[in-house]
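One structure below.
The values are calculated or read from the model by the stated rules, or taken from the named source; none is laboratory data. Values in this document were obtained by computation on a predicted structure and should not be read as measured data. Glycine also receives a Cβ, built like all others from the backbone with ideal geometry; neighbour counts cover every protein chain displayed.
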């Protein structure tokens, strides 16, 4: 089951129920709005399947997530989080010495982004709470393509008391359209071209630097969308999703370099209000 990016009817039902129970008639109408062509028969077949798997309970025409299932998922994910942020040494990230680096290659931008988020979380967990996450993208199109995934990353960072400081290299209407999501001290947003490389993505956390440069065709496609569109509507998100899934080689380099990281943080941090240590 995929609740972050629901595809099947069963996934969509469970996703809707995260915010609370729904009457079956109300839930069916919401699904038909989201998924035109959803039939009443298909809806109730999916509901029966979820009920048989103990994912949902239905009582007096109200459907809700099964609390027992939710608790089981919570416990399983908590164990996984501990394993992959504390005990997992497969990436050797935390054992990198100063000025050492590792590089990875992926078959698509989505695979790269998934691993980037995983590796970044390891470093976020291992660095002090007063170390902000400094991020620079030419455009923060990932937020439009995968809003729930990106918000999840930010929520996890902020839950540790860390700031998420996002700089984007563009100032188009589409760049400005997501500025609303950065509305407090822990989430800040700035629009300014900071690097000569047009296709340069970088994140700095403590002494760690995550870097990637996408190919020219991908960046051209992204740039065309930002030049053409003003609002992150559904069709824009789908266009970005197709870029995510395109079979294009992507590379990620992770370096531990105290001196370079300090310079990058000074460059990227000058436009933000940085929390004082211990505050």
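Selection of segment 228-269 for residues being exposed (fewer than 14 other Cβ atoms within 10 Å of the Cβ), at pLDDT below 95 and either under 23 Å from residue 188 (Cα atoms) or more than 23 Å from the chain's Cα centre (by Cα) (or both) yields 228, 230, 231, 233. For segment 190-200, name all the residues that are in a strand (DSSP E or B), touching a helix residue (DSSP H, G or I) at 6+ places or on another chain (Cβ under 9 Å) and touching a residue at least 40 places away in the same chain (Cβ under 8 Å). The one that is in a strand (DSSP E or B), touching a helix residue (DSSP H, G or I) at 6+ places or on another chain (Cβ under 9 Å) and touching a residue at least 40 places away in the same chain (Cβ under 8 Å): 190.
The set of residues in segment 94-122 being surrounded by 15 or more Cβ atoms within 10 Å (Cβ to Cβ) and either outside the structural domain of residue 198 (by TED's automatic domain parsing) or over 20 Å from the mean Cα position of the chain (by Cα) (or both) consists of 94, 96.
Quick one: count up the residues across segment 22-37 that are part of a loop (DSSP other than H, G, I, E, B) and either exposed (fewer than 10 other Cβ atoms within 10 Å of the Cβ) or at pLDDT 90 or above (or both).
Going through segment 22-37 one residue at a time, the tally reaches 2.
Residues in segment 226-279 that are in a helix (DSSP H, G or I) and in contact with a strand residue (DSSP E or B) (Cβ under 8 Å, 6 or more places away or on another chain): 260, 261, 264, 265, 268, 269. Out of the residues in segment 1-21 that are over 22 Å from the mean Cα position of the chain (by Cα) and assigned to a helix (DSSP H, G or I), state the one that is farthest from residue 77 (Cα to Cα). In this case the residue turns out to be 9.
Looking across segment 97-130, the residues that are assigned to a helix (DSSP H, G or I), farther than 14 Å from residue 150 by Cα and touching a helix residue (DSSP H, G or I) at 6+ places or on another chain (Cβ under 7 Å) come down to 109, 119, 122, 123, 124, 125, 126.
Taken over segment 1-21, the residue count meeting the criterion of being in contact with a strand residue (DSSP E or B) (Cβ under 6 Å, 6 or more places away or on another chain) and surrounded by fewer than 17 Cβ atoms within 10 Å (Cβ to Cβ) is 1.
Listed here are the residues, each with its yes/no results for (1) surrounded by fewer than 17 Cβ atoms within 10 Å (Cβ to Cβ); (2) more than 20 Å from residue 207 (Cβ to Cβ); (3) modelled with pLDDT under 90.
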position	(1), (2), (3)
124	no, no, no
130	yes, no, no
133	no, no, no
136	no, no, no
148	yes, yes, yes
160	yes, no, no
163	no, no, no
169	no, yes, no
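What's the total number of residues in segment 75-96 that are touching a strand residue (DSSP E or B) at 6+ places or on another chain (Cβ under 8 Å) and either outside any helix (DSSP H, G or I) or at pLDDT 90 or above (or both)? Count: 3.
In the set 166, 154, which member is closer than 30 Å to residue 12 by Cβ and in a strand (DSSP E or B)? From the options 166, 154, the qualifying one is 166. The test for being in the same structural domain as residue 260 (by TED's automatic domain parsing) and surrounded by 13 or more Cβ atoms within 10 Å (Cβ to Cβ) holds for residue 193. All of (1) in contact (Cβ under 8 Å) with a residue 60 or more places away in the chain; (2) crowded, with 16+ Cβ neighbours inside 10 Å; (3) touching a strand residue (DSSP E or B) at 6+ places or on another chain (Cβ under 7 Å) hold for residue 140 with one exception: (1). Residues in segment 171-185 that are part of a loop (DSSP other than H, G, I, E, B) and under 16 Å from the mean Cα position of the chain (by Cα) were compared, and the one that is surrounded by the fewest Cβ atoms within 10 Å (Cβ to Cβ) is 182.
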